Amino acid sequence: MIQVIPLGGVGEIGKNMWCVRSPEGIIVLDCGFAFPTEEMYGVDLVLPDYKYLVENADLVRGVFISHGHEDHIGGLPYFLKRVPVPVYATPLTIGLIQGKLQEHNVKVPLHCMNARDRVTVGDMDIEFIQVCHSIADAVAIAVHTPTGTVLYTGDFKFDPTPIDNRPTDYFKLTELGEKGLLLLMSDSTNVTKKGFTPSEAAVAPALDAAFAQAPGRLIITTFASNIHRVQQILNAAARHGRKVALMGRSMLKVTQIAHDLGYLKYDDDLILDVDKVEQMPPEQVVMLATGSQGEPMAALSRLATMEYKGVSVTAGDTVLISAIPIPGNERSVGRIINSLVDKGANVLYESVQQGTHVSGHGSEEELKAMIAMTRPKFFIPMHGESRHLAKHAALARSMGVPEDNIAVCQNGDVVELDGETIKIVDRVPGGPVLVDGNVLWDVGQTLLKDRQRLARDGVATTVVTVDGNLDVLQGPDIVTRGFIDSADSQLILDEGKRRVVEVIDAAKARGTKDPEKLKGQIVETLSRYFGERTRRRPVQLVVIHQIKAEVETPG
Ligand SMILES: [Zn+2]
Ligand SMILES: [Zn+2]
């Protein structure tokens, strides 16, 4: 009997983290983070809730990573601080993880595994299987257990002409099917896209066209981790006689790691120092910048709004966005495109239409092919929002996987397989954990709700000083921020103060002297009044200073 538990990555695209529990222990598959949504004010990133693993820390044998994207490795430093266990990954992924762990001063054993390598951990045998994706060195992970084999695809596409000539390992996948696969957990990201996802090689002609047509400087932005895309841009630069300036921290870091490990191949003299850019003839320059998602501090955003190390965008520049916005980032990308256009640049951003971007996730026919090759007895769709999971489950049914053999789960579901059935038998914590600076908090909501109200309605502070008999000695004063700022705001506040005095007088008449109760009544009264007058309900802070009456000296 085994259990499979998603702690993140179902019902959402982001923060992937799965557990496989056998009688002898637990292994973890991936440990990512998600980016906060726009209404998560002040939140830096979102982690899976791994309380279950902290509580069972003595059973956790290691973390196996499918590839180096943030939604698969970003949570590692936080998790490993609580549960320090070895990490197993392919060389490039290890390279990317190393930097992350150093930044957080986390030390655990890192084990390099290549595709087709196997490692035994307790009663489980884990095997890496090459897959294609929008980052080099991605693998699917097969977990051989006494109950049967579980295949976790990671993120994949079936690219027949990959840039690094390392295609998805069709043979291994088919072999798993031939031997009898117990469970397939498969990437659902592009299940709503018909047909096949085009090969990464398909962007080459469009890149060539952009290089040929740009009259002056060319600025290209893409994910730094998309090593194959970066390789193609470097190749195109060499073909068109342009030098490449790398811009942005992650672009410099990732290209360095990938170059050192041999995943990225270029001549050193192809690279141009950023401070030489302005001295070069414009038609001999290409700048390769981070910021394809509109991140405000990334190189592209700085080029668009001010400058990046002395370089800024000018009329005659061509900007090519070789990526599409992750859902949720459309507005920030739109803002940057507007700033670039305002500066006179020609911006090519419909990257899918122009053929300068292809997805790293397989479309419907590839997802079908995965099921056909591996012929799983049981199926769990993963890496998708609810609509993707439902569609992927339907796809599996249409290919003959019986309804009862498919589990569509939520984060925190404990899925049990005994070889004959698949059942959700229990729940463990599976909600998001928010990282705010160095503090981790559950979505206990009050903090987040206060911030949302502060942003929407502002804040009002009421201060009043009374004596032991509730006679007002000073105030009340009402100070507001981000709440009202109009000609009649003083009138509104004056009326507010009058009502506060009314509340205090009424309390005095009733003989209530409990300041906490009084505070509540003031908040309630002002909230109703502000609501009527301004349709806003600001966050309220009420401070009552009570000065005890002097004790009379007996005469
Ligand atoms: Zn990925
Ligand atoms: Zn992913």
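The values are calculated or read from the model by the stated rules, or taken from the named source; none is laboratory data. Worth saying up front: this structure is predicted, and the values here are computed from it rather than measured. Counting neighbours? That spans all protein chains shown, and the Cβs are built from the backbone with ideal geometry, glycine included. Note: areas computed on protein heavy atoms with side chains; ligands, DNA, RNA excluded. Shrake-Rupley method; radii C 1.70, N 1.55, O 1.52, S 1.80 Å.
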FRET E, pair Ala212, Lys265, Förster distance 30 Å, beta-carbon r, rounded to 0.05: 0.85
Would you work out the charge dipole size for the chain about its Cα centre, treating the Cβ of every Lys and Arg as +1 and the Cβ of every Asp and Glu as -1, and quote it to the nearest 20 debye? 580
Considering only C-alpha atoms, what is the centroid distance from region 259-287 to region 130-157, in Å? 35
As I understand it, the value is the acute angle between the Cα axis of helix 204-213 and the longest principal axis of the Cα atoms of the chain; what does it come to in degrees, rounded to 10? 70
Met306 versus Asp44: modelled label distance in nm, points set 7 Å from Cα along the beta carbon direction: 2.1
Probe 1.4 Å, protein heavy atoms only - accessible area per residue of the chain in square angstrom: 44
Using R₀ = 41 Å, calculate the FRET efficiency as 1/(1 + (r/R₀)^6) where r is the Cβ-Cβ separation of Ala315 and Arg481; round to 0.05. 0.50
Förster radius 41 Å - calculated FRET efficiency between Lys449 and Asn105 (Cβ-Cβ, nearest 0.05): 0.75
Roughly how many Å is it from the Cα centre of region 1-42 to that of region 360-435, as a whole number? 14
Given a cut-off of under 8 Å on Cα pairs at least six residues apart, what relative contact order in percent is computed for the chain? 15
Fully extended contour minus Cα-Cα distance, from Glu495 to Tyr170, at 0.36 nm per residue: 109.5 nm
About the Cα centre of region 28-99, how large is the charge dipole given +1 on each Lys and Arg Cβ and -1 on each Asp and Glu Cβ? Please answer in debye to the nearest 20. 380
Calculated Rg and Dmax of region 200-354 using C-alpha coordinates, Å: 14.1, 40
Taking every DSSP beta bridge with both residues inside the chain, roughly what % is antiparallel (nearest 5)? 55
Charge dipole magnitude, Cβ of K and R +1, D and E -1 - region 455-547, Cα centre, debye nearest 20: 320
For the chain, just run the numbers: alpha carbon Rg, then divide by 2.2 N^0.38 Å, N being how many residues it has. 1.20
Given a 1.4 angstrom probe, I'd like the percentage of the accessible area of region 455-547 that is carbon and sulfur, rounded to a whole number. 48
A 1.4 Å probe over the protein heavy atoms gives region 9-50 a carbon and sulfur accessible-area percentage of 53
What does the helix-only formula give at 222 nm for the chain: each DSSP H stretch with n ≥ 4 adding -39500 (n - 2.57), the total divided by the residues, and the result rounded to the nearest 500 deg cm²/dmol? -9500 deg cm²/dmol
Residues with amide H under 5 Å of Val347's amide H, sequence separation 5 or more or different chain, H placed in the peptide plane at 1.01 Å from N; which? Val319
By how many degrees, between 0 and 90 and to the nearest 10, does the Cα long axis of helix 330-342 differ from the longest principal axis of the chain? 80
